[in-house]
Amino acid sequence: MTDSLPHQAGPPQDPGPPAEGRRRMIRRRSLTLLTIVLLIGVPAGYLVISANQSRDSGREKEAKYAATGMTEGWPSKLQRRIYELPVPVPSDEVAYYETNNWKTSRLYVQFETTGAGLDAFLAGLGVDRDALEKDKIAISDRAQQVTGWEFGGSGSWWGLVNEQPNPAPTHDVVVNMHNPDYPMVYVVSRTVP
């Protein structure tokens with residue numbers, strides 16, 4: 001004979017937690033959505049902004065280094081320090097162009113200044129006005145072709161070559177003294193890296 005086992009009663013019915021109200025459910029979902037947006041959206045937005053800034057910076061640098069002639073504006077402080085070019089303040093019509101290769105680096109700079117500015121510039125090079133020689137075109141034909149400078153026409157031309165031992169740069173300077181109150185200065189500073 002088979003004995004039947006007594007039947008056990010199930011666990012007592014637990015009513016469980018009360019049902020979530022509609023307002024509470026909407027609030028919980030809204031907080032979840034806000035958290036997702038903050039965790040994903042903010043970093044993604046930052047990456048988009050950063051990428052655009054990086055791309056714009058690259059375009060500016062590309063334009064700067066693709067320049068094939070004089071660029072209006074002041075050379076950077078770093079360039080002025082490396083090439084030892086103390087462009088005086090005040091100066092107008094400032095433009096520059098830099099070339100680099102494995103042999104020589106050159107910075108071409110032009111500016112119009114005052115008589116006192118010219119004296120300050122020459123003093124910054126370690127020379128004075130007495131070092132300028134009348135009708136001396138110290139800047140080579142090659143440098144004139146690179147920059148588009150022409151020293152033949154009207155003007156009272158004065159020049160000097162300020163040679164210094166390496167690694168200090170050598171300066172070729174031409175000054176147009178047609179208007180002595182506002183001389184126009186042309187400089188090629190070259191250094192061997």
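Show me, bin by bin at 10 Å from 0, the whole-percent P(r) of region 67-131 based on Cα pairs.
Bins of 10 Å from zero give 21, 50, 25, 4 percent of pairs.
Return the equivalent ellipsoid semi-axes of region 66-193 as a descending list in whole Å, where each equals the square root of 5 times an eigenvalue of the C-alpha gyration tensor. List each step's numbers first, then the result.
Values: eigenvalues 85, 51, 45 Å².
The answer is 21, 16, 15 Å, longest axis first.
Which net charge results for the neighbourhood of Thr35, defined as the other residues with beta-carbon distances under 14 angstrom from its beta-carbon, given Lys and Arg at +1 and Asp and Glu at -1? Display every interim value, and only then the final one.
Values: positive: Arg27, Arg28, Arg29; negative: none.
Summing Lys and Arg as +1 and Asp and Glu as -1 gives +3.
Keeping every protein chain in place, order Arg129, Arg23, Arg55 by accessible area at 1.4 Å, biggest value first, i.e. largest first.
Details: Arg129 85, Arg23 210, Arg55 120 Å².
Reading off the accessible areas and sorting them downward yields Arg23, Arg55, Arg129.
In whole percent, and with a 1.4 Å probe on the protein chains, what portion of the accessible area of region 78-123 is carbon and sulfur?
Result for region 78-123: 53 percent of the exposed heavy-atom area is carbon or sulfur.
Defining a contact as two alpha carbons under 8 Å apart and six or more residues distant in sequence, what relative contact order in percent does region 78-132 show? List each step's numbers first, then the result.
On the way: 60 pairs, mean separation 19.6, N = 55.
Averaging sequence separation for qualifying contacts and normalising by length gives 36 percent for region 78-132.
Suppose all protein chains stay in the model; what accessible area per residue would a 1.4 Å probe give for region 98-193, in Å²? List each step's numbers first, then the result.
Numbers: 4850 Å² over 96 residues.
Computed with neighbouring chains in place, this is 50 Å² per residue.
Please give me the summed charge of the neighbours of Arg22: other residues whose Cβ is under 14 Å from its Cβ, Lys and Arg +1, Asp and Glu -1.
Values: positive: Arg23, Arg24, Arg27, Arg28, Arg29; negative: Glu20.
Neighbourhood net charge equals +4.
Need one value: the accessible area of His178 in square angstrom, 1.4 angstrom probe, rounded to the nearest 10.
Here the accessible area works out near 130 Å².
The values are calculated or read from the model by the stated rules, or taken from the named source; none is laboratory data. All values derive from a computational prediction rather than experimental measurement. Note that each Cβ is placed from the backbone with ideal geometry, even for glycine, and that neighbours are counted across all protein chains shown. Keep in mind that these areas ignore ligands, DNA and RNA; they rest on the heavy atoms of the full protein, side chains included. Shrake-Rupley method; radii C 1.70, N 1.55, O 1.52, S 1.80 Å.
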